[in-house]
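Comments concern the structure below.
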Amino acid sequence: MRFGVVVFPGSNCDYDTLYVLRDVLHQEAVFLWHKDHDLRNSDCVILPGGFSYGDYLRPGAIAKFSPLMQEVQEFAARGGLVLGICNGFQILLELGLLPGAMLRNKNLKFLCQFVHLRVDNADTPFSNRARPGQILRIPIAHFDGNYYAPAEVLKDLEARGGVVFRYVDERGRATEQANINGSVANIAGVVNPRGNVMGMMPHPERASEAILGSEDGYLIFESMIHWCAAR
Amino acid sequence: MKVRILVALKESVLDPQGQTVKNALHTLGYRCIEDVRQGRVFEVELEGVDREEASRLIPEIADKVLANPIIEQFSWEFLGDEKKGPSN
């Protein structure tokens, strides 16, 4: 399987993501320059974390106008797998490929720490190797991860199983205390209605090897590979 | 021609920065401050368009780029005179 990792000016998790795909999961992986118009035959596109365009204006607001985003939108419309991690999630929101928007964290602090996530939908291309309700330990690193969606959008999201991950405590309870950035309904990751575009604030590429404190992020990439192989 | 555009979070969206500023003002003793909303200001200079064209372009630009319509609203005005543009 061939992954394409998009590089914007200011991306800083692009190499980590490429490393995990190539060296940990032994997949083909290439960088895709944001100014090109070529997905280089990727089976799956990942928008990595970082600070594209320095987060100027709003996180992801400028990156959405990058030339390559036209191809990414067409790729997604054809059913191609697109994963947005952290800043990549913010870009997918700005592009309108996923519903909602990001606000500044409720405590106005940049948060960089491990969090617990609960898998609330294990029937997606990005979570099928997890058990429903499984608790994952994956780190976050963001300033603007306070997910917001208007009431009617949230209702639709919940009704169709669009919430893939939620911030929970170590026992899997979606408490207010566990909701570290203030996201509506403890939401940490969402998928589009078709199921082929997902965004998540936590960084699975930073938790895919035991030496880094957790291998739970591995499940997400493994799910994508499994889903593509079964297709 | 100069235009000032103000972008701020919608009333229905919690503004943690505005809340923090309000709390700081209360700490300083300004008890009369009931609410604070924080936003961003853009001063945009236009050339080669008349007011009518500018009145069409500015909301388009604000909606497409400067504001995220899911969480933000904007208002704008021509600078240097009293004539104000409409708010959304």
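The residue list A:Gly96, A:Pro204, A:Gly217 was ranked by how far each Cα lies along the charge dipole of chain A toward its positive end, using unit charges on Cβ atoms, and A:Gly96 comes out on top.
Loop-located GluC sites (Glu not before Pro) across chain B with a Cβ neighbour count of 13 or fewer within 10 Å are B:Glu11, B:Glu34, B:Glu47, B:Glu82, with loop assigned by DSSP.
Among the trypsin sites (Lys or Arg not before Pro) in the range A:1-100, those located in a DSSP loop and surrounded by at most 16 other Cβ atoms within 10 Å of their own Cβ are A:Lys35, A:Arg40, A:Arg78. Summing Cβ point charges (Lys, Arg +1; Asp, Glu -1) relative to the Cα centre of the protein assembly as shown gives a dipole of roughly 680 debye. Rounded to the nearest 10 degrees, the inclination of helix B:16-27 to the longest alpha-carbon principal axis of chain B is 50 degrees.
For B:Val41 and A:Trp33, the FRET efficiency from 1/(1 + (r/R0)^6), where r spans their Cβ atoms and R0 equals 35 Å, is about 0.55. Applying a threshold of 24 Å to the alpha-carbon distances of A:Lys35/B:Lys64; B:Lys10/B:Lys64; B:Lys2/B:Lys64; A:Lys35/B:Lys2; A:Lys106/A:Lys155; A:Lys64/B:Lys22 flags A:Lys35/B:Lys2; A:Lys64/B:Lys22 as lying beyond it. Among rounded, prolate and oblate, which fits the range B:2-78 when a ≥ b ≥ c are the square roots of the eigenvalues of its C-alpha gyration tensor, a/c under 1.5 means rounded, and a/b larger than b/c means prolate? Taking the square roots of the gyration eigenvalues as a ≥ b ≥ c, the range B:2-78 is prolate.
Taken about its Cα centre, the range B:2-78 carries a charge dipole of roughly 400 debye when the Cβ of each Lys and Arg holds +1 and the Cβ of each Asp and Glu holds -1. How about the range B:14-55: which trypsin sites (Lys or Arg not before Pro) there lie in a loop by DSSP and see at most 16 other Cβ atoms within 10 Å? Hits after loop and neighbour filter: B:Arg31, B:Arg37. By DSSP, the beta bridges lying fully in the protein assembly as shown are antiparallel in about 70 percent of cases.
Computed from the coordinates by the stated procedures, all read-outs in this text should not be read as laboratory data. Since we're looking at a predicted model, the values are computed, not measured. Backbone-built Cβ (ideal geometry, glycine too); neighbour counts: all protein chains shown.
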